[in-house]
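Following: one structure in structure tokens, then a few remarks.
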Amino acid sequence: MEEMLFYDRMQFAFTITFHYLFPQLTMGLSLIVVYFKWKFLKTNDPHYNKATHFWMRIFALNFAMGVVTGIPMEFQFGTNWAKFSELTGGIIGQTLAMEGMFSFFLESSFLGMFLFGEKILGHRWHFVTGLLICLGSWASGFLIIATHSWMQHPVGYEVLENGKFVLNNFQALFTNVWLWPSYLHNQAASLVTSSFVVAGIGAFYILWNKNVSYGKLFLKTGVVFGLISSVIVAMPTGDLLAKNVVKHQPVTFAAMEGIFHTEEKGAEIVLIGQPDVKDKKLDNKIAVPNVLSFLTYGNWDTEVKGLDQFAEDRHPTNISGLYYAYHIMVGLGTLFIGVMVLAVFQLTRKQLFQTKWLLWAFLFLMPFPYIANTTGWYTAELGRQPWLVYDLLRTADGASPTVSSGNTLFTLMGFVGLYALLGMLFAILVGKIIYQGPEPVKK
């Protein structure tokens, strides 16, 4: 059973990790595309319209890859996690169905119109279709996060005699205290990814000395959107989400921060350290006294519960993985704020485009928001373990009892091979778009 559960979780972790590389760009990029089109309507500068078309081609490729890689995850609910689907389908099935029927169709229907219908629609209606694509993209994220939030903090439900969960308060799904901080945090993080990609490609054009006018436009847009979104990720959304974890999942918070023993007179915040789960301690730690208590409760001396206050069968099943995922996410988020503040400062001094080391930094940093977003999701998922539905349904009780570990491992290897090919094809196609640029390079 343990081996089967391990491969079930590995397969879902791999497929969702690869899948989320694409939506995290499309959600934020849809807003930037709408911004470029709005700027064109306002200024009538053709650079903004060509920037709109350039980024919409990249958006369309990301959207297609998101669809292709998202479908297998839906099937896994019925294959690897059939018991989970049977017990909770009456609740999560509603939000997932709404995401597919409303958000996905809104986004996909208007995508074709936006890509090919500008001459027929005219610029104003072309802008409206882009706005609807953005709305569909962000609504899709909202409904997925609503599903995830119910699993983290179940509300508005009752359990029938046969063990199935049913919804008795539909409104509770969308007023869940876990939902809005999670959703806004996720969307801001998506915009961080998009901002670094836009800024990074802008820096590439400036350093390459091709499409320089577009490079400057992309870099300027990326750093402005990036600074705003990077700050929002930390404050207020990240802070509100952390306070939710403290209140509703205190054992998760203790594991995230590496607090093995309760700190009664104020908890230190650990900057660096390696968790030793066996001996229940942090090795080689560098910490600042009492700061965690202040950030969490607004008081320097407030007690923060450690893992020693909770039964071990309630501890997250991978404390080390959770600790590192959380600290990588926070560390990169702090780095992003610092880089964006510096870039905006240089922009106000009209020195950004000449600061080559900063241009190279943006080029180098392009993959890192993807890492931060991925570790953020790992923090949420590893933190909820050993539960599928927190405090109600354990992960081991949601797996399909009839699917063998060998079958799951075989299909996992198939996914790895197929996704590797898809990833290479995607990289080639996007690379071709970037090489061509918003306008053909004159020779």
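Observations, loosely collected:
- Long-range amide H partners of G273 with built H, under 5 Å: I286
- Here the chain is assigned +1 on the Cβ of each Lys and Arg and -1 on the Cβ of each Asp and Glu. Its dipole about the Cα centre then comes out at about 2500 debye.
- Maximal additional length on extending the M413-T334 stretch stands at 24.9 nm, based on 0.36 nm per residue less the C-alpha distance.
- Relative protection proxy for 61-72, 25-36, 298-309, from highest mean packing down: 25-36, 61-72, 298-309 (other beta-carbon atoms within 10 angstrom).
- Using a cut-off of 20 Å between Cα atoms, the listed pairs K37/K210; K39/K220; K50/K356; K50/K210 include K37/K210; K50/K356 as exceeding that distance.
- Tilt relative to the chain, helix 123-152 - C-alpha long axis, 0 to 90 degrees, to 10: 10
- Amide H within-cut-off set for E263, under 5 Å, with H built and near neighbours excluded: V304, G306
- Folded to 0 to 90 degrees: helix 239-248 orientation relative to the chain principal axis, Cα: 20
- Each peptide in 89-95, 47-53 was scored by the mean count of other Cβ atoms within 10 Å over its residues; highest first, the order is 47-53, 89-95.
- Protection-proxy order for peptides 219-225, 365-371, each taking the mean of Cβ atoms within 10 Å per residue, highest first: 219-225, 365-371
Readers should treat all values here as calculations from the given coordinates under stated rules, not as data from a laboratory. Predicted model, so just to flag it, every value in this text is computed and none were measured. Methodologically, a virtual Cβ is constructed for each residue, glycine included, from the backbone with ideal geometry; neighbour enumeration extends over all protein chains shown.
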